[in-house]
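Just so it is clear, none of the values below were taken in a lab; they were calculated from the coordinates. Predicted model, so just to flag it, every value in this text is computed and none were measured. As a convention, Cβ positions derive from the backbone with ideal geometry for all residues, glycine included, and neighbour counts pool all protein chains shown.
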Amino acid sequence: MLFKSKMIYDADQIINKTLFAKVPVQIKRVPEDSAKSVFNVFAGQRVGKVYSWLDIKPGVRSKLYWMMYDDNNKPYFVEHDEGRFNLEDLKEQGAVSVKEQIEAERRKNLSLEEKIFQAVKIGGIGLAVVLIAKSFIERK
């Protein structure tokens, strides 16, 4: 799981999404911590569309690396780090956080009684808001 700030995303949710840099990001041709950077992407710029990811590999990669392709169809890699990428852009592209996935699964597995109770509860709250607003308006 990644992006530990407000939203946590499973790495598979990032596949086919475009990452945008929040801070300067180094591009590498080899997915290794010791590899030299070949290019830097500045904050606000497009880093690339994620094709795949490579997990931690002791002695080689201390963090996950995102794999992308350049215009010449050559792979390049970006080390993942919290706060490095714009999360709002991911959400706009349809990425679903782990929390949202769990909530959707929970709602899907509710019994009929629980679904009815939820609907009545929401309706009751809505009615209460309308009645309070009505009495407030009538007082003025």
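If only the Cβ of Lys and Arg carry +1 and only the Cβ of Asp and Glu carry -1, the dipole of the stretch 11-95 around its Cα centre is close to 200 debye. Full extension of the chain segment joining Arg46 with Ser62 gains 3.4 nm, where the gain is 0.36 nm per residue of separation less the Cα-Cα distance.
Just flag the trypsin sites (Lys or Arg not before Pro) in the stretch 32-112 sitting in loop per DSSP whose Cβ has no more than 11 other Cβ atoms within 10 Å. Passing both the DSSP loop test and the Cβ count: Lys36. Dividing the alpha-carbon radius of gyration of the chain by the rule-of-thumb value 2.2 N^0.38 Å gives 1.55. Taking Cβ atoms as reference points and 15 Å as the exclusive limit, the residues near Asn16 contribute a net charge of 0, counting Lys and Arg as +1 and Asp and Glu as -1. Computed extension gain for Lys36 through Glu82, at 0.36 nm per residue and net of the alpha carbon distance, reaches 14.5 nm.
Taking every alpha-carbon pair under 8 Å whose residues sit at least 6 apart, the stretch 11-95 reaches a relative contact order of 34 percent. Among Gln13, Leu87, Val30, whose Cα projects farthest towards the positive end of the dipole of the chain, with charges put on the beta-carbon of Lys, Arg (+1) and Asp, Glu (-1)? In the chain, that residue is Leu87.
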